[in-house]
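Below is one structure, written out as structure tokens, with a few remarks after it.
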Amino acid sequence: MDLSGKKIVLAVTGSIAAYKTPELVRQMIKAGAEVKVITTPAAEKFVSPLSLATVSKNPLYSNVSDGAAWNNHVEMGRWADAMVIAPCSANTLAKMANGLCDTLVNAVYLSAICPVFVAPAMDEDMWLHQSTRNNIQKIRSYGNHIIPVAHGELASGLIGEGRMAEPADIVNYLADFFSKQGARPLKGKKALVTAGPTYERIDPVRFIGNFSSGKMGVAVAEALADKGAEVTLVLGPTSLQVFHANVNVVAVESAEQMYEACSSVFAQADIAVLAAAVADYRPEQVADEKIKKQGDTLDIRLAKNRDILASLGSVKNAGQTLVGFALETTNELENAKGKLEAKNADMIVLNSLKDEGAGFGHDTNKITLISRNGHRALPLQSKQEAAAAIVNYIVELQHAEKTV
Ligand code: CTP
């Protein structure tokens, strides 16, 4: 059971199982984690805040504001490597399913950009009620991880399903998740990545291109390889060098060449991340000789290039995870979600040109990850950090698919 260096926000809600949480905190800390505890007001009827603050060695928070001080739920949601809601009452579960935000726990949940683990606890009849079933399905569809309930004696005195998993089982579940994520969870997987610009020839010495540096896509290829994947990187013209042992570079120039290279690799790929800035159009005719200077204007007629992402989306099978990028300037979220559907992708990485330090040529990026489970806005960070976040999200998507 290893949770070394992991930062955990433990949210305790109003259920009799809350009496086990000081022991849960103790075991998390013993496994190497740092733990901050938050509670709903109802939880404090079942467990002493002083006990939780003492064992966690951190102050305990239960309100969005304590008198004049505001407890920054966004900061807490971003600090954590994992948020664990244990025990999760039927009431908190219902609020999570519907996005309610009347407690600090719900505010931190809605702000969390880390994986969220839920250990439900309730009486069997409540657990089996159709509304609880629906709520569990809903929060699972948002990408949350449900730690299975145990069978045994319940607070009502009845024997049945609905007991919170034992503290040791919760710690084991987390340790297992992190070991799969932290180690090489993509070992044995094949990935296809596109990066860089494309050059569309006008004549032997001129082309239409764009300012993409290829840095973001190359960082994604390396992050996938770091996690154990065998990566084919289809790379447009760039001066970047790629030396990673598990990254095989296929150099291409034009959108057509990129399309051909991707089409031949995709069927074997488990993951495809299309980060290239592909030219939407190419000159309809490529002149054989250098075009001589003539009149005051020159018309070049352009023909549409095939959309690689949409084309891979149309043949994608259920086991494949397809990720596209979107660079938007207006109605960003809406447009990016539109691309997710239109191109049948599993995730869109949204770049906004409005953000300082983000986009073409910079070493930093500010991205939002969008999937059918919702979206996760990340802070401005290095392209390497952004790439690691993209890859972690891919691992989560694949993990969630298996456990649903
Ligand atoms: N893409 C692609 N092939 C193309 C054009 C784009 O694979 N011919 C991919 C990009 O690599 C990126 C995603 O599609 O992952 C989004 O590209 P973008 O240019 O932002 O969107 P478009 O669909 O071209 O729409 P528009 O330019 O109108 O926003």
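For the reader, a short list of remarks on this structure follows.
- By the count of other C-beta atoms within 10 Å, a proxy for reagent exposure, Lys20, Lys45 are ordered fewest to most as Lys45, Lys20.
- Least to most buried among Phe325, Phe207 (fewest other Cβ within 10 Å first): Phe207, Phe325
- Global form of region 94-151, assessed from the alpha-carbon gyration tensor, a/c cut-off 1.5: prolate
- Local net charge near Gln27, Cβ-Cβ under 14 Å (Lys/Arg +1, Asp/Glu -1): -1
- Between Ser51 and Asn344, the simple spin-label model (points 7 angstrom out along Cα→Cβ) gives 5.4 nm.
- Value at 222 nm in deg cm²/dmol, rounded to 500, when DSSP H runs of n ≥ 4 in the chain each add -39,500 (n - 2.57): -10500 deg cm²/dmol
- Bridge orientation summary for region 270-355: considering DSSP beta bridges with both residues in this region, about 25 percent are antiparallel.
- Region 7-180 - convex hull of alpha carbons, volume per residue in Å³: 103 Å³
- Alpha carbon convex hull of the chain, volume per residue in cubic angstrom: 157 Å³
- Sum of side-chain charges, Trp79 neighbourhood, beta-carbon under 14 Å (Lys, Arg +1; Asp, Glu -1): +1
- Distance from region 231-273 to region 280-340 (C-alpha centre basis), Å: 17 Å
- Under-5 Å amide H pairs with Val250, H placed in peptide plane, nonlocal only: Leu233, Val234, Leu235
- Ranking of Leu302, Leu104, Leu174 by neighbouring Cβ atoms within 10 Å, starting from the fewest: Leu302, Leu104, Leu174.
- Of the chymotrypsin sites (Phe, Trp or Tyr not before Pro) found in region 233-269, the ones in coil according to DSSP and having at most 12 other Cβ atoms within 10 Å of their Cβ are Phe243.
- Cβ-based charge dipole, the chain, positive-most Cα from Val218, Ser352, Leu298: Val218
- Cross-link table Lys187/Lys215; Lys190/Lys316; Lys187/Lys339; Lys95/Lys343; Lys36/Lys187, entries beyond 26 Å C-alpha to C-alpha: Lys187/Lys339; Lys95/Lys343; Lys36/Lys187
- Distance from the Cα centroid of region 136-177 to that of region 203-218 is 51 Å (rounded to whole angstrom).
- Near Ala229, once Lys and Arg are set to +1 and Asp and Glu to -1 for all other residues with Cβ below 10 Å from its Cβ, the sum equals +2.
- The chain - share of DSSP beta bridges that are antiparallel (%, nearest 5): 35 percent
- Dipole moment magnitude, nearest 20 debye, the chain about Cα centre, only Lys, Arg, Asp, Glu C-beta charged: 220 debye
- DSSP H segments from the chain that extend 24 Å or more along their own axis, Cα-based, with Kyte-Doolittle mean of -0.5 or above: 383-403
Only the coordinates and a few stated rules stand behind these numbers; no lab work does. Only a predicted model underlies this, so the values are computations on that prediction, with no experimental measurement involved. Virtual Cβ from ideal backbone geometry, glycine too; neighbours counted across all protein chains shown.
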